[in-house]
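> Pasting in a structure now, in structure tokens, and then I'll have a few things to ask.
Readers should treat all values here as calculations from the given coordinates under stated rules, not as data from a laboratory. Predicted model only: the values in this text are computed from it and were never measured. All Cβ positions, even for glycine, are placed from backbone atoms using ideal geometry, and neighbour counts span all protein chains on display.
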């Protein structure tokens, strides 16, 4: 499955002690080779994967008849941690062993082919070899999607309401820009007569709307940080909530506000100063 080997080797049929396809009593009489993940290595008090090679530990190997049997396991390989569950669950310590009879799932990895016919063929072979158990095939993508369906649904809801909020804010900004430009028509005309350039007038009008946006960001950032931190605390595997995300959101909000008002401000700034002075 592409799990990265940190030290040692994988399990193989070439080594007799690798095969645990034996009865519990037979396994209890000998040492068996296993591969562990980094989490299990740390629980053994080891930090270097190479130092874990050859380390022995005891593990329960009993069945319903002999539930108290213990076996000696020898570590021959260490692999990187892999999370088989949700990001909300912590990574478990894993022990990989080779057994041709005891298994819970069969995993098949395919590349560059249509997986649907392969699933149908796997079901046919399964029904032929294991007719007493129903076939329950599932793609890994579907299993992962089911785990995070609720989070994706919440994400779509938040994105929809955020888009509506931005649209309403832009409409309000455009109307406010029109009102402000009309109210300051005389001022703009006087500034232009006194030598103000169009760019200066546009900057003047744009800054009037930039300040409230910056103030709103300063208020929103702490609230967003607390809410996102609490949500991320529910995840065992999460990103670091750095300031670059809030800075990017502030830049985008400021850019949207400036784009909304700059067109109207540029139009007013380029108007003939004579008409502005004759206003009212």
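> Measure of size requested: the Rg and Dmax of the stretch 5-103, with Cα atoms as the atom set and Å as the unit; please supply both.
Rg, Dmax (Cα atoms, Å): 13.8, 40.
> Let me ask another. For a quick check: sort 18, 230 by the number of other beta carbons within 10 angstrom, fewest at the front.
In order of increasing Cβ crowding within 10 Å: 230, 18.
> With a Förster radius of 45 Å, plug the Cβ-Cβ distance of residue 124 and residue 48 into 1/(1 + (r/R0)^6) and report the FRET value to the nearest 0.05.
FRET efficiency, residue 124 to residue 48: 0.45.
> Something else: Label residue 92 and residue 142 with points 7 Å out from Cα along Cα→Cβ: what is the distance between them in nm?
2.3 nm
> Hey, of (i) 34, 21, 19; (ii) 69, 23, 16; (iii) 116, 12, 9, which did the structure itself give for semi-axes √(5λ) of the Cα gyration tensor in Å when calculated?
After the calculation, the listed value that fits is (ii).
> Å³ per residue of the Cα convex hull, for the stretch 131-233?
Once divided by residue count, the hull of the stretch 131-233 is 148 Å³.
> While we're looking at this one, here's another question. Tilt of helix 115-129 relative to the longest C-alpha principal axis of the chain, in degrees (0 to 90, nearest 10)?
20 degrees
> Another one. Compute the long axis of helix 243-269 from its Cα atoms, compare it with the longest principal axis of the Cα atoms of the chain, and write down the angle in degrees, 0 to 90, nearest 10.
30 degrees
> A further question on this structure: With the crude spin-label approximation of a point 7 Å out along Cα→Cβ, what separation in nm comes out for residue 208 versus residue 99?
Calculated label separation equals 7.7 nm.
> So how much slack lies between residue 239 and residue 199, counting 0.36 nm per residue of separation and subtracting their Cα-Cα distance, in nm?
Length gained between residue 239 and residue 199: 10.2 nm.
> Alpha carbon centre of the stretch 109-183 versus the stretch 14-56: separation in Å?
Computed from Cα coordinates, the inter-centre distance equals 40 Å.
> Using the 10 angstrom Cβ neighbour count as an exposure proxy, how do 12, 262, 93, 32 rank, fewest first?
12, 93, 262, 32
> Quick one: if the Förster radius is 25 Å, what FRET efficiency do residue 1 and residue 220 give, using the C-beta to C-beta distance and rounding to 0.05?
For residue 1 and residue 220, the calculated efficiency is 0.05.
> What FRET efficiency comes out for the pair residue 154/residue 80, r = Cβ-Cβ distance, R0 = 30 Å, nearest 0.05?
Efficiency, from the Cβ-Cβ distance: 0.50.
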